[in-house]
Amino acid sequence: MPALPLKQNQNRYFMKAFKIAIIGVGPKGLYGLERLLAQFAQKEANFELEILLFEKSGHFGCGEIYDPSQPDYLLMNYPNRNINVWPKENPAPIVAERLSFVEWLADKRKSAPNELLHTFSPRKEVGQYLVHCYEQLKSNHPKSIRIFEHALNVNSIRNADDGFLISANGLGDDNSKEFMFDRVLITTGHSSCSRDKSIPETLPPEIPSQHFVDFIYPVQEKLKDVPAGAAVGIKGMGLTFIDAVLALTEGRGGEFRRTTKGTIIYLPSGDEPKSIFPFSKSGMPMVPRSGHEGLGNYKSKYFTIDRILGKVGASERPSFVNHILPLLIAETEYRYYEIAFDKRALTLYPDEDFTKVREQIEIFHETYPEEPKFGFGNLFNHSALTKEIKFGPLAYLRQLLQAAKEGSKQNAYMNAAMTWGKLSEDFNKIYSHGGMTPDSHWLFDKKYRSKLNRVSYGPPLENFEKLIALMETGLLNFDFARNPRVDLKISGWTLVNMFANSCEIDVLIDARIPVNAEPDDWCPLFKNMRKNGIIRPMQLYGDTRYSVGCPEINELGQPIDSSGKTNSHITFYGTPTEGATYDNDTLSRTRNNFVSQWAKDILNEIALQAY
């Protein structure tokens, strides 16, 4: 990029305003803005900085997912204690009053902070907190910095003579506006437009649009046309599925009420669907968890970076099957039997040779034959909670709820289920930037990622209790939960399960969050950036080739362009890097943190050119 022009003023030289764009101003964009302001506040700047914020939802600081006006019943699955906009790093944030979410919420609700640490709040309240922090930044930034908000959707970035050119348009507006910038941070959330290929791209004209809902957010708008009394099928059984179910019941005036026995019952309003049929490939619900899970630091017994890399040759990359999975299995089994032994007033000794641990386990089962045997695969089926082999869906959900209420310190299954959450940070260090062999990367992405997420990052207990209450009324039906065939009919859809039983549904809802997919499924922004040569898809090469699905980036989040060169003027952060990195938690300030170095590098570059 050419040197920046200077302008003369009172015998001093000032650079022209340096322009930075942040595309996507949800939590990750907010974190980038916070670090940028913190870096520039350190110096008495003799240059001007313009920050252009692009957030298509218009909800600056929180984005669409944390819309402050969404319904109360849409809960986080992230305990309150983990949410804090303000990082503990240098330079310090520019805001004097740096309240964590718990402190802010305690003040808002007039409650004691300790009462809120381990609970799950409505997403709208998290959104209100994020907006509060954003407004604080806007009110306290240095005078040499100007911030401009644009409620526009960025659809293209291309090279220009003096930097880069952004094209953006408003909702329903085909006329694009163009903006020049020097640096950009892209935190656009889910970048894929992939959808179920078994569902026609364009429904036949005789199928009204209300018979298919391709994305549920915002729920008040997207689900309003689902008729009362309809039979509804929901594809996907994760957290989004729960939001959809609650929007169609509690959001329609139904009431969940806790009885004197502590259980929850559902009182229908009459405006909800007649029946709801959820389904997915596995047919398995997520494992719920209490807000007390995840406390404290955990030191792995078997799954460590040193153990994984110690088995790999100097010029080799780890194999998921040969080097990683065996240690994950060992760690999980140890954690299960650690609690099972303790329940019998016994101690399981973590010998470095895991075969000796299994010898202890064999003696345990010989002594207590009534104890269910546990294997790693039991995490993903119905047989891990009791000696019984199979449950009906309602009984299984009740067993899961009871295990989650007991918690990982008391329940062996829950201790095993929470294992992945303890290990994922170390796994991320191995996985990121093509750290495994291509076939290993593919195997994890396609076969293990969703399974591990399902058992480790489930919904709050309260939401799971609501699902059980709806099953007890007969409104929620799991008879077609496991990978049914979906047939399009003139008046709706038909689900056909593995037993060849079928049911007619009026409305099909896709309740899955898109994942990074093939470039053909990228959003328009990424497609145009690729067309303009600014980014290229990430490909892993070895004995096999694997197309990861995200843009290729280096270890600073900077993309690799079509010629193989690093573009240091653009940085990706958060969900768009999923695949190159692992588990970009929306609210985490530390996981795959590219913005601290990004902001520091920008300050250093401008300072060098200014003096």
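Observations
- The alpha carbon centroids of the stretch 439-511 and the stretch 25-43 are separated by 40 Å.
- Cα shape, the stretch 438-510, gyration tensor, a/c 1.5 rule: oblate
- Working note: Karplus 6.51/-1.76/1.60 with θ = phi - 60° gives the stretch 486-492 the couplings 10, 10, 7, 10, 5, 9, x Hz, where Gly and Pro are set to x.
- For the stretch 518-611, convex hull volume per residue from C-alpha positions, Å³: 124
- Compared with the dominant principal axis of the Cα atoms in the chain, helix 393-406 is inclined by about 70°.
- Basic side chains Lys and Arg get +1 at the Cβ, acidic Asp and Glu get -1 at the Cβ, and with that the dipole of the chain about its Cα centre reaches some 580 debye.
- Crossing angle, helix 354-367 versus the chain [Cα axis fit, 0-90 degrees, rounded to tens]: 30
- Helix 325-343 vs. the chain, principal-axis angle (Cα, 0 to 90°, nearest 10): 50
- Principal axis dimensions, the chain - Cα atoms, whole angstrom, descending: 88, 63, 57
- Efficiency of FRET from Cβ geometry, Lys565 and Arg545, R₀ 22 Å, rounded to 0.05: 0.55
- Karplus-based coupling profile of the stretch 570-586, in residue order and whole Hz: 10, 9, 9, 8, x, 4, x, 8, 4, x, 7, 10, 10, 6, 7, 4, 4, with θ = phi - 60° in 6.51 cos²θ - 1.76 cosθ + 1.60 and x standing for Gly or Pro.
- The sum of -39500 (n - 2.57) across all DSSP H runs of n ≥ 4, divided by the residue count of the chain, sets its helix-only mean residue ellipticity at 222 nm to -9000 deg cm²/dmol.
- When the GluC sites (Glu not before Pro) in the stretch 508-611 are filtered for DSSP coil states and for at most 16 other beta-carbon atoms within 10 Å of their beta-carbon, the remaining sites are Glu555.
- The calculated Kirkwood hydrodynamic radius for the stretch 123-176 is 14.1 Å, given to one decimal from all distinct C-alpha pairs.
- The lysines within cross-link reach of Lys299, meaning a Cα-to-Cα straight distance under 18 Å and a gap of 8 or more places when in the same chain, are Lys409, Lys422, Lys429.
- Amide H to amide H distances under 5 Å link Arg289 with Leu461, where only residues 5 or more positions off or on other chains count and H is placed in the peptide plane.
- Furthest towards positive pole of dipole, Ala511, Tyr573, Val548, structure part the chain, Cβ charges: Tyr573
- Three-way shape call for the stretch 305-456 based on the alpha-carbon gyration tensor, with the a/c threshold at 1.5: oblate
- Across the cross-link table entries Lys405/Lys451; Lys56/Lys447; Lys88/Lys108, which are compared at the Cα atoms, the separations over 25 Å belong to Lys56/Lys447.
Every read-out reported here was derived from the displayed coordinates using simple, explicitly stated rules and does not represent laboratory data. Here the structure is a predicted model, which is why all the values come from computation and not from measurement. In this analysis, Cβ positions are derived from the backbone assuming ideal geometry, glycine residues included, and neighbour counts consider all displayed protein chains.
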